[in-house]
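Laboratory data are not the source of any read-out in this text; all were calculated from the coordinates shown. What you are looking at is a predicted structure, and each value in this text was computed from that prediction instead of being measured. Neighbour counts run over all protein chains shown; Cβ positions are idealised from the backbone, glycine included.
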Amino acid sequence: MAQVLRPNTTGSLLATDGKAHPVQDTFLLVTLALGITAFVTALVSQGLHLVSSWTGLVGIFTGAYGQFISVTTRQRFGLILGLGASAIGFFLGMAHGGLFGGLLGS
């Protein structure tokens, strides 16, 4: 017998279990924002390596903690996208000059 399709009435695109998860959604949005920032700044200019490496590093940590506390599959999917973008931005920023980029040492 065919199952009845029910519309998503929770009001949130990320909450597939019908409950609100404001902390997890905040970690998701912060990780995505940091990941996009790190990825774009790493691709735009080598001179922005400080921005891309630091935002990538913070995005990796926020995404990892977000994965630890995430509840739904949609949250985990978005966190993986943000983590991947943060990691690519971090690694490209490290290749272009690193976290301190000549600010320390000689």
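Some points to look at:
- In percent, rounded to a whole number, the relative contact order of the stretch 11-94 is 43, using alpha-carbon pairs under 8 Å and six or more apart.
- Along the stretch 69-74 the Karplus relation, 6.51 cos²θ - 1.76 cosθ + 1.60 evaluated at θ = phi - 60°, assigns HN-Hα couplings of 9, 5, 10, 10, 5, 5 Hz to successive residues, with x for each Gly and Pro.
- The order of the peptides 77-86, 38-47 by mean Cβ neighbours within 10 Å, most packed first, is 77-86, 38-47.
- Calculated FRET value between Leu103 and Ala33, using beta carbons and R₀ = 25 Å, to 0.05: 0.50
- Shown in residue order for the stretch 36-44 are the 3J(HN,Hα) couplings computed by the Karplus curve 6.51 cos²θ - 1.76 cosθ + 1.60 at θ = phi - 60°: 5, 4, 5, 5, 5, 5, 6, 7, 6 Hz (x for Gly and Pro).
- Residue order, fewest to most surrounding Cβ atoms within 10 angstrom, among Val71, Val4: Val4, Val71
- FRET efficiency, 1/(1 + (r/R0)^6) with R0 25 Å, evaluated for Thr26 and Phe68 via beta carbons: 0.95
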